[in-house]
1. Using the Cα gyration tensor of the stretch A:283-348, with a ≥ b ≥ c the square roots of its eigenvalues, what is the shape: rounded (a/c below 1.5), prolate (a/b larger than b/c) or oblate (neither)?
2. In Å³ and rounded to a whole number, note down the convex hull volume per residue for the Cα atoms of the stretch A:210-283.
3. What distance in nm lies between label points placed 7 Å from Cα along the C-beta direction at A:Arg165 and A:Val145?
4. Taking the Cα centre of the stretch B:195-337 as origin, work out the dipole magnitude from +1 charges on Lys and Arg Cβ and -1 charges on Asp and Glu Cβ, in debye rounded to 20.
5. How large, in percent, is the carbon and sulfur part of the accessible surface of the protein assembly as shown at a probe radius of 1.4 Å?
6. If each of B:Arg50 and B:Leu122 carries a label point 7 Å out from its Cα toward its Cβ, how far apart are those two points in nm?
7. Which value, in Å² and to the nearest 10, is the accessible area of B:Lys179 when all protein chains are kept and the probe is 1.4 Å?
8. Putting +1 on Lys and Arg Cβ atoms and -1 on Asp and Glu Cβ atoms, find which of A:Gly26, A:Thr79, A:Thr247 reaches farthest to the positive end of the dipole of the protein assembly as shown.
Amino acid sequence: MTVLTAGAPVTLRRGHLSAWVLGAVGVVVLLVTAGLFAVTPLEGTAGFVIVAAALFLAAQGVVSTVVEGRRRAIDRTVTSAVVFAFLLALVPLVSVLTYALRQGAHRFDVEFFTHSLRNIGARDAGGGAYHALIGTLQQVLITTVISVPFGLLVAVYIVEYGRGRLAAAIRFFVDVMTGIPSIVAGLFVLSFWTLGLGQGFSGFAASLALTVLMLPVVVRASEEMLKLVPDSLREASFALGVPRWKTILRIVLPTALPGIVTGVMLAIARVTGETAPVLLTAFGAASINTDPFHGPQSSLPLLVFQQAQDAQQTAVNRAWTAALTLILVVMVLNLVARLLTRRNRLER
Amino acid sequence: MSERMLPPDRELDPQVRSTGTTVVAGDDARLPGAPGGGLLPRTGGRSSVRRGDRVFRGLSVGAGVGLLGIIVAIGVFLVYRAIPALQADKGNFLTDQNWDPNALPPVFGIVALAFGTILSSLIALVIAFPVAIGVALFISHYAPRRLAGPLGYVIDLLAAVPSVVYGLWGIFFLNDVIKGLSAFLHDYLGFIPLFAADGIYGRSILLASVVLAIMILPIIASLSREVFLQVPAANQEAALALGATRWEMIRIAVLPFGKPGIIGATMLGLGRALGETIAVALVLSPAFIVSLRILEPGQGNTIAANIALGFGEATANGRGALIASGLVLFIITLVVNVIARAVIYRRKEFTGGTL
């Protein structure tokens with residue numbers, strides 16, 4: 001408003017920076033950065049990109065302030081900063097995946113998937129993750145068998161029956177439970193099952209610990225899906241004289257099923273990658289143990305952890321291949337789960 | 001509080017009442033005043049229906065109570081197992097920097113571990129927060145509509161990578177990058193106590209913090225993105241109609257609306273960072289010391305990492321001590337998580353994701 005009273009001719013339109021001007025700014029910034037890196041002790045690709053990005057933000061801000069005014073300049077700077085933030089977030093993902101692919105390829109062979117580490121020292125070549133694959137498979141399977149019905153029942157309680165303080169408390173603590181550190185879940189099963197009941201290390205103990213981690217995820221995912229089931233379906237069922245429990249089992253759950261399957265798959269992906277609770281409860285073993293209820297067992301993430309702690313290159317190579325396998329399993333689970341959601345999405 | 005936490009699917013009730021429809025099961029129990037939302041019809045009905053309903057309801061209530069029981073049991077059993085070790089402790093558990101629970105006599109204290117845990121998590125938060133908010137804004141307000149979904153999914157994939165893989169990548173790849181960065185920080189900002197060093201870098205708290213930052217970034221980003229997407233279009237359009245630029249619109253319409261969500265998401269990220277075990281255990285060169293020197297190896301340790309690293313060699317008393325430290329971690333993360341969830345719950349329509 002004050003501008004209008006200033007007397008000078010006022011235009012409401014300010015200049016506008018075209019794309020090629022910004023491009024030119026970019027090129028100049030790159031040249032300046034290259035110059036800086038040639039003259040000063042600065043070095044490294046990462047450093048180059050960061051310095052260039054910072055310089056670009058500054059240069060764009062100055063040019064835009066001159067041509068377009070302060071408000072537009074801030075807007076431009078924020079826009080660029082937001083884009084840079086997103087690109088920055090992609091860097092570790094791309095880096096982890098490509099690095100794991102490169103390092104994991106060394107031992108991605110038949111022997112790796114068909115042999116255990118029995119009698120294989122850190123320096124020895126060969127050996128594999130067969131025992132760990134078995135362990136992971138059994139532990140995750142048992143975890144799923146326990147968590148899914150348990151979690152579904154909790155979700156049914158929250159959505160279909162829950163009222164008052166108890167339901168509020170359960171809802172709240174399901175959310176709090178998602179934040180329990182995995183190592184604490186491991187310690188819990190260690191103190192309750194392994195030490196308390198004197199059961200010793202076993203794959204089943206690991207499953208119990210993983211259940212503590214998987215349960216809240218299953219509950220949350222199923223709860224979201226059950227809420228999306230339209231009330232008209234329930235009412236129609238009630239109107240036909242169907243009792244409530246049958247309505248839930250025959251109408252509500254089947255309607256929500258695709259979404260629940262997605263949630264369960266994501267939960268499985270999450271617990272498959274857990275290391276700490278398995279370390280405390282199954283402890284790890286070099287030999288094949290197909291009995292999840294007795295004796296120490298290994299798992300894929302645990303194998304990665306234990307092999308990575310060896311300084312020997314052969315062990316590290318095994319760790320990378322196991323890590324690559326783990327990434328592939330988790331990514332496939334994630335992708336399939338997302339594709340499922342896209343195909344059968346209940347409209348909100 | 002309890003009012004807000006009710007599941008939002010209860011629109012059924014007024015309709016049922018107003019239309020006077022008789023619902024076979026649970027009609028009268030749905031009326032206000034019915035205790036606990038019971039569903040059994042008070043009036044006589046077919047007994048098999050009633051039994052089926054009673055059994056099913058009992059199962060689901062039992063599961064819900066069982067879940068609460070697990071949380072209580074975690075606390076109880078950790079305390080139960082920690083007490084003997086704490087009694088055997090010849091040092092002061094709260095103030096002693098040593099950690100020798102396997103020695104005779106055992107001397108151990110939590111202060112060095114707790115300090116390292118909180119320091120590394122806070123640094124991780126400082127690094128992750130601005131990037132995560134930028135990512136969330138990019139996906140909710142800057143990226144083309146069509147791309148927003150897939151791009152959000154790509155960021156979620158960051159959370160899908162198992163922590164042990166980040167640890168492995170941290171040792172063999174990121175460590176070299178951090179060494180360079182550490183040298184730079186020490187050379188130019190060495191007067192800050194945080195960046196003091198004696199020329200040896202890597203395997204440091206900073207490395208652990210950067211790994212943690214990468215791991216909590218998708219959590220903060222995806223939750224913040226959800227709140228940003230819930231900002232009423234009317235508020236945003238009003239701002240734009242008044243001539244606000246996109247940033248001004250975000251500053252006056254989106255960020256104030258999203259503030260509780262951002263705070264909650266950040267606290268959840270903090271909770272995750274505090275409890276992260278394996279990645280830190282792999283990348284950190286541990287030491288039981290309260291130190292601010294984040295660039296050097298052997299200048300700290302975290303509770304969770306120490307449990308993973310110390311478990312293998314622990315004696316019975318050592319295990320008890322580790323459980324005691326786990327109890328401290330449990331309490332810290334529980335407090336952080338409860339605050340986070342309470343902040344998030346204040347905004348009723350936002351319930352948080354499954355991360």
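1. Note, shape of the stretch A:283-348 comes out oblate.
2. So the per-residue hull volume is 81 Å³.
3. 3.9 nm
4. Rounded to the nearest 20 debye, it is 120 debye.
5. Taking all protein chains in place, the protein assembly as shown shows 67 percent carbon and sulfur surface.
6. 6.2 nm
7. Surface accessible to solvent at B:Lys179 totals approximately 90 Å².
8. Result: A:Thr247, furthest along the dipole toward the positive end.
The values are calculated or read from the model by the stated rules, or taken from the named source; none is laboratory data. Since we're looking at a predicted model, the values are computed, not measured. When we count neighbours, we look across all protein chains shown, and the Cβ atoms used for this are built from the backbone with ideal geometry, even at glycine. These area figures cover heavy atoms from the full protein model, side chains too; ligands, DNA and RNA do not enter into them. Shrake-Rupley method; radii C 1.70, N 1.55, O 1.52, S 1.80 Å.
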